[in-house]
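Notes for the one structure printed next.
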Amino acid sequence: MNLDDLTIKEIKDLKALLSRPSKPITEKELGVHIAILQRGWIFVGYLYKKGHEYTLKKAQCVRIWGTTKGLGEIALNGPTSATRLDASGDVKFHELVSVGLMKCEDSKWVTTLDN
């Protein structure tokens with residue numbers, strides 16, 4: 001398409017299209033998740049998504065899983081006595097940095113994340 005060939009009507013239509021207010025991007029609360037990120041980082045926390053950005057609130061870095069059945073074990077049952085977590089505050093990351101997200105059983109993590 002050559003801009004020099006646009007008709008007046010097409011220019012007005014384009015102007016109307018570009019001047020429309022965009023919808024505000026809302027933040028969605030997704031519950032407790034384990035986020036597996038690039039370079040081996042693993043965090044757990046309350047996951048929120050806004051556009052292409054994620055935020056794990058009250059995040060903990062999972063330093064040692066402490067499981068016999070893999071990461072899914074702590075996602076479903078909460079941390080074991082051998083799990084080692086490091087407080088990390090809020091962790092923000094772009095969706096393309098995520099290798100995977102694992103939904104946790106929220107009730108099993110509330111005490112750990114809220115302390």
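A short reminder: the numbers here are calculations on the coordinates, not readings from a lab. All of these numbers come straight from a predicted model, not from anything done at the bench. No Cβ is skipped: glycine too gets one built from the backbone with ideal geometry, and neighbour counts run over all protein chains shown.
If you scan segment 50-69, which residues turn out to be without any contact (Cβ under 8 Å) to a residue 40 or more places away in the chain and farther than 15 Å from ILE34 by Cβ? Listed by number, the residues that qualify are LYS50, GLY51, THR68.
Among the candidates GLY89, GLY72, single out the residue that is touching a Lys or Arg at 6+ places or on another chain (Cβ under 9 Å), under 22 Å from LYS49 (Cβ atoms) and free of Cβ contacts under 8 Å to residues at least 40 places away in the same chain. The unique qualifying residue is GLY89.
Restricting to segment 55-64, give me the number of residues that are hydrophobic (A, V, I, L, M, F, W, C) and in contact with a helix residue (DSSP H, G or I) (Cβ under 6 Å, 6 or more places away or on another chain). The total comes to 0. Checking ILE36, ILE25 one by one, the residue that is of a type in the set (A, V, I, L, M) and assigned to a strand (DSSP E or B) is ILE36 and no other. The requirement of being under 14 Å from the mean Cα position of the chain (by Cα), farther than 23 Å from ARG84 by Cβ and not in a loop (DSSP other than H, G, I, E, B) is fulfilled somewhere in segment 40-49, by at least one residue.
Scanning segment 36-82 for residues that are surrounded by 14 or more Cβ atoms within 10 Å (Cβ to Cβ) and among the basic types (Lys, Arg), which turns out nearest to ILE25 (Cα to Cα)? The selected residue is LYS49.
Are any residues in segment 83-98 in contact with a Phe, Trp or Tyr (Cβ under 9 Å, 6 or more places away or on another chain) and over 19 Å from LYS28 (Cα atoms), and if so, which ones? If the condition is that a residue be in contact with a Phe, Trp or Tyr (Cβ under 9 Å, 6 or more places away or on another chain) and over 19 Å from LYS28 (Cα atoms), then THR83, ARG84, SER88 are the ones that fit.
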